[in-house]
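Pasting in a structure now, in structure tokens, and then I'll have a few things to ask.
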Amino acid sequence: MLAQAGVGTPVKGPGRFPGPFRFNGRVLELSLEKAFPGFRLSVALSVAEGETLALLGPSGSGKSTLLRLVAGLLKPDRGFVRFLGEDLTPLPPERRKVGFLFQDYALFPHLTVEENVAFGLVEARWPREAREGRVRELLKRMELTPLARKRPQELSGGEQQRVALARALAPRPRLLLLDEPLGALDLRLREELLFFLRRTLKEEGVTTLLVTHDQGEAFLLAHRVALLREGRLVQVGRPEEVYARPKDTWTARFLGHKNLLSPKESEALGLPPKAHLLPPKALALGGSLEGVVEERLFFGPRVGLWVRVGGVRLYLEAPEGPEEGAPLALRLDPAQAVPLEG
């Protein structure tokens, strides 16, 4: 039996991008299995109209395989892909009306920027006036108008990424699939284009499946994240929920949490004898726990402190802190500790 992750109806209002959502009704429903030597994918998910769902996980977890199954580039061993009740499973990729943005962009080198963006519209036989209007709209939105007559090899990596995104969006696909869209860029460009992509997805309002191994990208772009491990769903929820309350020790470690306590360490700090996560708000300077600073990390506006409290090594950040080897008193709020599975 495949686990089902449900969705619902967007509720407009203030909050983190793209806004707080509660979902009723499903647009995309999938239940898919695919086996390779040494690996088996078995996933069921639902996605709502206009929702961005990030498939997050380490390399080899099955994220890109799942995306290619949805696109029709791979055939499942079992299962289905449905969009608005229509079964897409038997359809070839070109009949699924899905936009796909690959990590390497796959732009046509012999076509100009303008012609690349228009390619899908020509194939779909859009009327000339509508086609030219849509291309102009996207070139302007993607800040590509001055580059319209250039070819891909004349563009920077960031410019190529924007062309590829415009091409994928041009035919107004009912579903957009993004496979590590920022993975080929250097750090500076990734940060710059992350917010550009964020704004574009919001403006287009297209239902989107995003594959990434980077939790920062997933948290900034997605309404919900689906965390995969070895072909299985581990946890699905809003970014804030998944980060604040990871299901198990593996999830907490993958998401970058540092204070993961074994049952023995938990007991030493006065918690029940099981695995716990201590989120940042659980620890503060000053209190009854006596420790010694083992490592001090300077980050400019803040310092990171690794503190040894008895047999437990804890991490916290503060505006400033003592040097290595100095004693330090900590306060632990047991109510903030998150119990973990395994």
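Within segment 257-339, what whole-number % of the accessible surface is contributed by carbon and sulfur, with the 1.4 Å probe and all protein chains included in the calculation?
54
Further, regarding this structure: Show the residues, 5+ positions off or on another chain, whose built amide H is closer than 5 Å to the amide H of LEU88.
Result for LEU88 returns VAL81, ARG82, PHE83.
In whole Hz and in residue order, list the ³J(HN,Hα) couplings for segment 118-134 that follow from phi through the Karplus curve 6.51 cos²θ - 1.76 cosθ + 1.60, θ = phi - 60°; x for Gly and Pro.
Computed from phi, the couplings for segment 118-134 are 7, 3, x, 6, 5, 4, 7, 6, 5, x, 4, 5, 5, 5, 5, x, 5 Hz.
On the protein heavy atoms, probe 1.4 angstrom, tell me the percent of accessible surface of segment 26-251 carried by carbon and sulfur.
49
So, one more: Just need the relative contact order of segment 260-337 here, percent rounded to a whole number, with Cα pairs under 8 Å and 6+ apart.
Dividing the mean separation by the residue count of segment 260-337 yields 34 percent.
What spacing in nm lies between the two simple spin-label points modelled at LEU285 and GLU132, each 7 Å away from Cα in the Cβ direction?
The modelled label-to-label distance comes out at 6.5 nm.
Also, I was wondering about something else. Before anything else, pin down the relative contact order of segment 26-251: Cα pairs under 8 Å, at least 6 apart, normalised by residue count, whole percent.
For segment 26-251, the relative contact order is 30 percent.
Further question: Hey, can you find the accessible area per residue of the chain for me, probe 1.4 Å, expressed in square angstrom?
49
Just how large is the dipole of the chain about the Cα centre, in debye to the nearest 20, putting +1 at every Lys and Arg Cβ and -1 at every Asp and Glu Cβ?
1020
Short version: ³J(HN,Hα) in whole Hz for each residue of segment 58-64, in order, from phi by Karplus 6.51 cos²θ - 1.76 cosθ + 1.60 (θ = phi - 60°), x for Gly and Pro, what are they?
The phi angles translate into x, 4, x, 7, x, 4, 5 Hz.
Here's something else I'd like to know. If I fit a long axis through the Cα atoms of helix 157-169 and take the longest principal axis of the Cα atoms of the chain, what angle between them do I get, 0 to 90°, rounded to 10?
60
Take the residue pairs LYS140/LYS202; LYS247/LYS281; LYS97/LYS140; LYS63/LYS281; LYS258/LYS281; LYS63/LYS258 and return only those whose Cα atoms are more than 20 Å apart.
Over 20 Å Cα-Cα: LYS97/LYS140; LYS63/LYS281; LYS63/LYS258.
Let me ask something additional. Just round it to a whole percent: the fraction of Cα-Cα distances in the chain exceeding 32 Å.
Across the chain, Cα pairs with separations above 32 Å total 41 percent.
Students often check this: by mean Cβ neighbours within 10 Å, which of 65-71, 233-239, 286-292 ranks highest, and how do the rest follow?
65-71, 233-239, 286-292
Something else about it: Working from Cα positions, state the angle (0 to 90°, nearest 10) between the long axis of helix 187-204 and the longest principal axis of the chain.
Between helix and principal axis, roughly 60 degrees.
Could I ask something else about it? When the Kirkwood radius is taken over all Cα pairs of segment 239-339, what Stokes-Einstein diffusion coefficient follows at 20 °C and 1.002 mPa s, in µm²/s?
The estimated diffusion coefficient comes to 154 µm²/s.
Once the Cβ-Cβ distance between LEU74 and GLU317 is put in as r, and R0 is 35 Å, what FRET efficiency do you end up with, to the nearest 0.05?
0.20
If you count, for each residue, the other Cβ atoms within 10 Å and average over each peptide, how do 205-215, 141-151 line up from highest to lowest?
Peptide ranking by packing, descending: 205-215, 141-151.
Sequence-distant or interchain residues sharing an amide H contact under 5 Å with ALA284, placed H: which?
Amide H neighbours of ALA284: ARG331.
The values are calculated or read from the model by the stated rules, or taken from the named source; none is laboratory data. Remember, predicted model here, so these are calculated numbers, not experimental data. Using ideal geometry, Cβ is built from the backbone for each residue, glycine included, and neighbour counts are taken over all protein chains shown. To get the accessible areas, we keep the full protein, side chains included, count just its heavy atoms, and leave off ligands, DNA and RNA. Shrake-Rupley method; radii C 1.70, N 1.55, O 1.52, S 1.80 Å.
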